[in-house]
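Please find one structure pasted underneath; my questions will follow.
The values are calculated or read from the model by the stated rules, or taken from the named source; none is laboratory data. Predicted, not measured: the structure shown is a model, and the values here were computed from it. Because the Cβ atoms are built from the backbone with ideal geometry, glycine has one as well, and the counts that use them run over all protein chains shown. For the accessible areas, the whole protein counts, side chains as well, though only heavy atoms, and no ligand, DNA or RNA atoms are used. Shrake-Rupley method; radii C 1.70, N 1.55, O 1.52, S 1.80 Å.
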Amino acid sequence: MGITFRKETFRDDFTFKNSPEHIRRFPFPFNEDAYMYAVNIEPHVVGPKGSVLENLIDVDEHYVAEMQDRALVLAEDPLRCQSLPHMTLAGWDLLELLMEQQALGYPEHFTLERNGDRWRWINRPLGIDDTFTFGDVSTLPYGPMEYITRQSQGDFCILDQRDGNLWMDAGMVTTQADWSLDFDIGMNFFEWHAPVPLAHEKGIFTRALKFLTNIQQGKPARRLNWTMTVNPRLDTSPENYHKWGPDRATVTPENVGDKVHLRVELQSFWRLPRSNGIVFPIRCYLIKMDELVTQPKWARRLHRVIRDLPEELATYKGLTRYRPTLVEWLSKLDDDGPTSPGFGPD
Amino acid sequence: MTAKTIISRPIYGTLSPQPGKHHLFIADAEGALAITDMAGKAPPGFFDGAEIVFIPDPEGKHISALEALEPAQLHLPPSFASLLPRLRQTLTNAHMGLRLYLAGTEGLIGQAMQAALEAGVDHTSIETEHRGSLARRMQCVHCKGITENVTTQPAACSHCGLLLLVRDHYSRRLAAFQGVCINAEDRSEIPPMEEAFP
């Protein structure tokens, strides 16, 4: 039995929502009642059935709608997908990885047939059946990175490794939490993270870089990151901030549950075999407050996390304007009872 | 003065003579003084293998001081834009071992470095010294237009007109600081414009 793909939007009328099964599989990012930065990186291994970790590249009920939204973003702003000239080989690496993983995890939806360099890729949800020569750019309608990431959920950054650093030299970035690929492309690991508050002083990036530059092929790693978004909007880019920014002023006690979304990024890190680059998929999961609080443990815990979040982090995450309204709303769902350890719902 | 800075913000040094036979200086405004200050520390004959490119102000201030160094070549383009085709050719044809020295305003250093990066020069091998105005070159993240010589915070984009927060986040590739709409969430909020980068 395959996935039933929802027909929904991430803009205009915002019809996005999660089915009850998808609410329970949401990657809730807090395993205790408080939040601070940590180098929370762990091996990216397969997790329980029914979780977002059931497959290492997760495809879910939002797949088709997300790919349609990505196509709209790219039509408006092609600079969201860029690859510096030396990154084409890494693009082929990524194409292989994503085709293999999607075909492995979801054989009813994706098929990859290989006959030497001659490959056939069937993507049934998007109605694609292409035969091409691996390594020959002229046999695909786009460059290899763009081709496959128009068919894969999440943003993708490809990092070149040289001089003991990682360089943001290619990417497909249409569902980002307020950072610009066009501005950051070509920067090293410390430079593109420069605007993040507090973490540099804590040595987070030095340790993270050391870890990432040592990632081995076949041993990917992962971490979770989070922010909040008003309306289920995937494209919260700085490019369009003047268009979506006003949403943040529309939160009222009456509409918090429907408008405010927890936005979780499942970031994974994979060594690429031919280019020795690292690909960094940033998979975005959205859940509206009304959906999240159907799990009482999550409601209690999110209330405590948001209430106690350091001011600098709240500002960086853009919560300032609606945090009091959100905390007040969540407080009514927090009976001060204990929360069980771990991320999952009770 | 910039009190607290971030890692992507460029850090400039003081020009010092590097080993090598070929030296290319690019300077504007008070950057000429960085070159003449450095000349005191340079070994004899240093400027025999040096080309100085200097974009002078309308009064031609500092030109005679640079002439006195007797460089192999002194070139005085009227603007950076007019220099660019020649600079690109010089960098493309440059021998290994050409040393690059950039001095003057941040916009000049950034744009000359951008041309050097495009020619494959490693940015860490370039000597830089900031002199003169703190005015910033800013890219509007929304319309992508570049506004030159930004001295205020916030600043209006000269292309789309949005009122932008001039961040410290800097791209060498674009030779620009990032500008992000400062009142995107509520356009009726208009923060006062203050002189920030004189």
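Across all directions of projection, what mean area in square nanometres is found for the Cα convex hull of the stretch A:273-346?
7.5 nm²
Okay, moving on. Which pairs, out of A:7/A:317; A:17/A:288; A:297/A:332; A:7/A:49, put more than 18 Å between their alpha-carbon atoms?
Details: A:7/A:317 29 Å; A:17/A:288 8 Å; A:297/A:332 13 Å; A:7/A:49 25 Å.
Exceeds cut-off: A:7/A:317; A:7/A:49.
Something else about it: Compute the FRET efficiency between residue B:88 and residue A:75 as 1/(1 + (r/R0)^6), taking r as their Cβ-Cβ distance and R0 = 35 Å, and round to the nearest 0.05.
My answer for the efficiency is 0.60.
Checking the cross-link filter: which lysines have an alpha carbon closer than 18 Å to that of residue B:21, excluding same-chain neighbours under 8 positions apart?
The qualifying lysines are B:41.
List every residue whose amide H lies under 5 Å from the amide H of residue A:177, counting only residues 5 or more places away in sequence or on a different chain, with H placed 1.01 Å from N in the peptide plane.
Placed amide hydrogens put nothing under 5 Å from residue A:177.
Explain nothing, just compute: Karplus ³J(HN,Hα) = 6.51 cos²θ - 1.76 cosθ + 1.60, θ = phi - 60°, for every residue of the stretch A:5-15 in order, whole Hz, x for Gly and Pro.
7, 6, 8, 7, 10, 10, 7, 6, 8, 6, 8
Suppose every K and R has +1 on its Cβ and every D and E has -1 on its Cβ; what is the size of the dipole of chain A about the Cα centre, in Debye to the nearest 20?
Charge dipole of chain A: 540 debye, to the nearest 20.
With axes computed from alpha carbons, what is the tilt in degrees of helix B:80-93 against the longest principal axis of chain B, rounded to the nearest 10 within 0 to 90?
Computed tilt is about 50 degrees.
Using a 1.4 Å probe on the heavy atoms of the protein chains only, list every residue of the stretch A:168-199 that has 50 Å² or more less accessible area in the complete assembly than in its chain alone.
The answer is A:182, A:183, A:191, A:194, A:195 - residues whose exposure falls by at least 50 Å² when every protein chain is included.
Could you tell me the total accessible area buried at the B-A interface, probe 1.4 Å, in square angstrom to the nearest hundred? Walk me through the numbers before you get to the answer.
Numbers: alone 10540 and 15090 Å², together 23480 Å².
Roughly 2200 Å².
Report, to two decimal places, the Cα Rg of chain B normalised by 2.2 N^0.38 Å (N = number of residues).
1.10
Now for a separate question. Modelled label-to-label distance, residue A:311 and residue B:122, 7 Å Cα→beta-carbon offset: nm?
The two pseudo-label positions are separated by 4.4 nm.
Sticking with this structure for a sec: Could I get the Rg over Rh figure for chain A? Both from C-alpha atoms, Rh via Kirkwood, rounded to two places. Don't skip to the answer; put the middle values down first.
Values: Rg = 19.9 Å, Rh = 20.9 Å.
That ratio equals 0.95.
First compute the accessible area of the protein assembly as shown with a 1.4 Å probe, then give the percent of it belonging to carbon and sulfur atoms. Please report the intermediate quantities before stating the final value.
Numbers: 12570 of 23480 Å².
For the protein assembly as shown, the apolar C and S fraction of the accessible surface comes to 54 percent.
Could I ask something else about it? Hey, rough spin-label estimate for residue B:37 and residue A:214, points 7 angstrom out along Cα→Cβ, what's it come to in nanometres?
Here the answer is 4.3 nm between the modelled labels.
Sticking to Cα atoms, compute the Rg of the stretch B:136-195 to one decimal and its Dmax as the biggest Cα-Cα distance, whole number, in Å.
10.6, 34
Mind checking which helices in chain A clear 24 Å along their axis (Cα) and have mean Kyte-Doolittle hydropathy of 0.5 or more, DSSP H runs only?
The answer is none, since no helix passes both cut-offs.
As an exercise, use a Förster radius of 60 Å and the Cβ-Cβ distance of residue A:254 and residue B:193 to find the FRET efficiency, rounded to the nearest 0.05.
0.95
In the stretch B:125-141, whose amide N lies under 15 Å from the spot 7 Å out along Cα-to-Cβ of residue B:57? List them in ranges.
B:131-135
Taking a ≥ b ≥ c as the square roots of the eigenvalues of the Cα gyration tensor of the stretch A:1-79, is the shape rounded (a/c under 1.5), prolate (a/b larger than b/c) or oblate?
Prolate.
Between the stretch B:104-151 and the stretch B:1-40, what's the alpha-carbon centroid distance in Å?
13 Å
Sticking to Cα atoms, compute the Rg of the stretch A:193-346 to one decimal and its Dmax as the biggest Cα-Cα distance, whole number, in Å.
Looking at the stretch A:193-346, its Cα Rg and Dmax stand at 17.7, 54 Å.
A further question on this structure: Equivalent ellipsoid semi-axes for the stretch B:23-130, as square roots of 5 times the alpha carbon gyration tensor eigenvalues: give them largest first, rounded to whole Å.
19, 17, 13
Counting only DSSP beta bridges with both residues in the protein assembly as shown, what percent are antiparallel, rounded to the nearest 5? List each step's numbers first, then the result.
Details: 61 of 83 bridges.
Around 75 percent antiparallel, to the nearest 5.
Cut-off under 22 Å on the C-alpha distance; same-chain residues fewer than 8 positions from residue B:144 excluded. Which lysines are left, in chain and number order?
A:243
Related question: Hey, what do the phi angles of the stretch B:119-126 turn into as Karplus ³J(HN,Hα) couplings, whole Hz, using 6.51/-1.76/1.60 and θ = phi - 60°, x for Gly and Pro?
Computed from phi, the couplings for the stretch B:119-126 are 8, x, 7, 6, 4, 6, 8, 9 Hz.
Would you list, by chain and number, the lysines whose Cα falls below 22 Å from the Cα of residue A:210, excluding same-chain residues fewer than 8 positions away?
A:202, A:219
With a 1.4 Å probe and every protein chain left in place, work out the accessible area per residue of the stretch A:122-250 in Å², rounded to a whole number. The partial results should precede the final answer.
Numbers: 4410 Å² over 129 residues.
Result: 34 Å² per residue.
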